[in-house]
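Shown next, in structure tokens, is the structure this report addresses.
Here, each number is a calculation from the coordinates, and none is a lab measurement. Because the structure is a prediction, the values reported are computed rather than measured. For neighbour counting, all protein chains shown are included, and Cβ atoms are generated from backbone atoms with ideal geometry for every residue, glycine included.
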Amino acid sequence: MGNQSFFSLVKKGNKSSFFAMVGNGILAIAKGIAYFISGSGAMFASAMHSLADAVNQGFVFIGSVLSEKQPTEKFPTGFGRVINLFCMIAVIVVSIMAYETIREGIHLLKHPAEVKGIWLNVSVLLLNILIDGAILYKVMKEIGQEARAESTGLGIFSGAFKNVKRASPPTRLVFYEDLVAVSGAMLALIAVLVSYFTAYQLLDGIVTIVIGFLMVGVAFRVGYDNMVGLIGVAAPKEVEDRIASTIFEHEAVIDIFKLRITQEGRYYHVESYLELKRGLPLSEADDIKFAIQDKLMSDPDIADVTLGIIEDDGIQEWKGSKPEPQ
């Protein structure tokens, strides 16, 4: 346990959420200025989305920092689920912003606004695509790192969609939000250009509503993920197989009688009963247990390990994969 300095906790905070907070804060200010000058509803929706993202990422970054606190006597399992709580607060912010965005879109359908300052709008939205695109690329790489399935080239994009469920809660939230941010900025850019160069004024309101509903989608997706996280969820199958494989690497382990892995935030809590080969003295069995425990604890994603040992009963309990014998 022990004390941790504030700065050591900040260094462990989720980097994607920090950079997303700064980037979206800059974009929200730029888009707000562009909206007041141009009157574009799509720009208003995009500004609301960037503001919601900036606030959310701030909450998420603070939550990721607090979740790194070491366990205490009062909270012996640590603070991993704090990040889920902060992500739920972020969901409320997104929902409010989504409502305001959809309401503005409906207003624009009834009362289309003339778009002015076209090149200011275009410049801000291109800046939006550039900044959020860079953040999205960074978070996609981070998903690969957290899922231990790093890719290169175009594989980074497909790998991110494939492995996003195995990423930590703050990384998932940044991914979903920036995915909507980039697509929303592209839609807003199309709406601004069409509204300015053609007589068709309804697209501005339509795109505003679409961006609002995309934000609702993010709120539901992230809300569900973090509600499950707050309740306590089992680790993904890939993580279970990896931990089981590490256990079976010790030649004295014959079977896994029971294995339970609970995910809290980005960390895993492991409880297991291992069946060791028959005839081992208690002192040797204890040494084997501690050796396996130390090896599992060397995994940076594992917060604590509780192991029990029993003698092999001759019945194969573990139905998962086992490493091939050397």
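What to note about this one:
- Test item: Cα-centred dipole of the chain, Lys/Arg +1 and Asp/Glu -1 on Cβ, debye: 1200
- Distance histogram in 10 Å bins (all Cα pairs of region 251-326, percent per bin): 18, 48, 31, 4, 0
- The phi torsions of region 155-168, fed into the Karplus equation with coefficients 6.51, -1.76 and 1.60 and a -60° offset, translate into couplings of x, 4, 6, 5, x, 5, 5, 6, 10, 4, 5, 8, 7, 6 Hz, rounded to whole numbers, with Gly and Pro shown as x.
- For the listed peptides 184-191, 119-126, a ranking on the average number of other beta carbons within 10 Å per residue, highest first, reads 184-191, 119-126.
- Added length on full extension, which subtracts the Cα-Cα distance from 0.36 nm per residue, residue 26 to residue 158: 44.6 nm
- Residue-span extension gain [residue 260 to residue 242] - 0.36 nm each, minus C-alpha spacing: 5.2 nm
- Paramagnetic reach from residue 110 in region 207-223 [backbone N under 18 Å; point 7 Å along Cα→Cβ]: 207-210
- Which of 169, 72, 149, positive extreme of dipole for the chain (C-beta unit charges): 169
- Extension gain (nm, one decimal) between residue 130 and residue 72, 0.36 nm per residue minus Cα-Cα: 16.6 nm
- For the cross-link pairs 162/295; 138/165; 141/295; 12/162; 141/319; 165/289, the ones whose C-alpha atoms lie over 23 Å apart are 162/295; 141/295; 12/162; 141/319; 165/289.
- Close amide H partners of residue 254, meaning residues 5 or more places away or on another chain with modelled amide H under 5 Å apart, are 275, 276, 277.
- Electrostatic bookkeeping for residue 233 treats Lys and Arg as +1 and Asp and Glu as -1; over the other residues with beta carbon under 10 Å from its beta carbon, the sum is -2.
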